[in-house]
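The values are calculated or read from the model by the stated rules, or taken from the named source; none is laboratory data. Note that this is a predicted model, so its numbers are computed, not measured. Virtual Cβ from ideal backbone geometry, glycine too; neighbours counted across all protein chains shown. Just the protein is used for accessible areas: all its heavy atoms, side chains included, with ligands, DNA and RNA removed. Shrake-Rupley method; radii C 1.70, N 1.55, O 1.52, S 1.80 Å.
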Amino acid sequence: VFPVWGSHQEQTAQCLLQAVRQDSAPAVHIFRFPRITINHGVLLFAAAETEQEIQFEAYDPNLPAHPVKLIYDRVRRVFNFPPSCYWAGGPLKVVHIYRGGLN
């Protein structure tokens, strides 16, 4: 298992922002490691950005009634996911699951 550094999260956030802007719906793996308190996947479909953060709108199959937010903090270079019925909320790691056959 390899660590996920802040620089990787920064690159991931920019890649996901670009994908959403190109009308793609990137699938992402959200997780904590080594203490696995969340291990889940969501689909991103919209984004809004400020100087401090990027707020991604996501479809969460565990909460299909409404969108959820996945927030990237540009200063700390970390993603945050809000509390829900299955997650206490807080920082986690994000990996782009699938980007196409040749990417």
Handout entry: Single condition residue 70 does not satisfy, out of (1) modelled with pLDDT of 95 or more; (2) in a loop (DSSP other than H, G, I, E, B); (3) open to solvent by less than 40 Å² (accessible area, probe 1.4 Å)
Key = (2)
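Tell me yes or no: at least one residue of region 28-44 is over 23 Å from residue 85 (Cα atoms) and open to solvent by 30 Å² or more (accessible area, probe 1.4 Å).
Here is the first cut: in region 28-44, the residues over 23 Å from residue 85 (Cα atoms) are none.
Within region 28-44, none of the residues are over 23 Å from residue 85 (Cα atoms) and open to solvent by 30 Å² or more (accessible area, probe 1.4 Å).
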Completion exercise
Scanning region 1-15 for residues that are part of a helix (DSSP H, G or I) and in contact (Cβ under 8 Å) with a residue 40 or more places away in the chain, the one surrounded by the most Cβ atoms within 10 Å (Cβ to Cβ) turns out to be 13
Fill in the blank from the handout: Of the residues in region 75-95, those that are assigned to a loop (DSSP other than H, G, I, E, B), at pLDDT 95 or above and surrounded by 15 or more Cβ atoms within 10 Å (Cβ to Cβ) come to 77
Practice task
Scan region 52-81 and report the pairs whose first residue is closer than 18 Å to residue 19 by Cβ and among the aliphatic types (A, V, I, L, M) and whose second residue is open to solvent by 70 Å² or more (accessible area, probe 1.4 Å) and assigned to a loop (DSSP other than H, G, I, E, B), with Cβ atoms within less than 8 Å and a gap of 6+ or a chain change.
Solution key: 58/67
Practice task
Might you check whether a residue that is under 16 Å from residue 67 (Cα atoms), within 14 Å of the chain's Cα centre (by Cα) and touching a residue at least 12 places away in the same chain (Cβ under 8 Å) occurs anywhere in region 16-23?
Solution key: yes
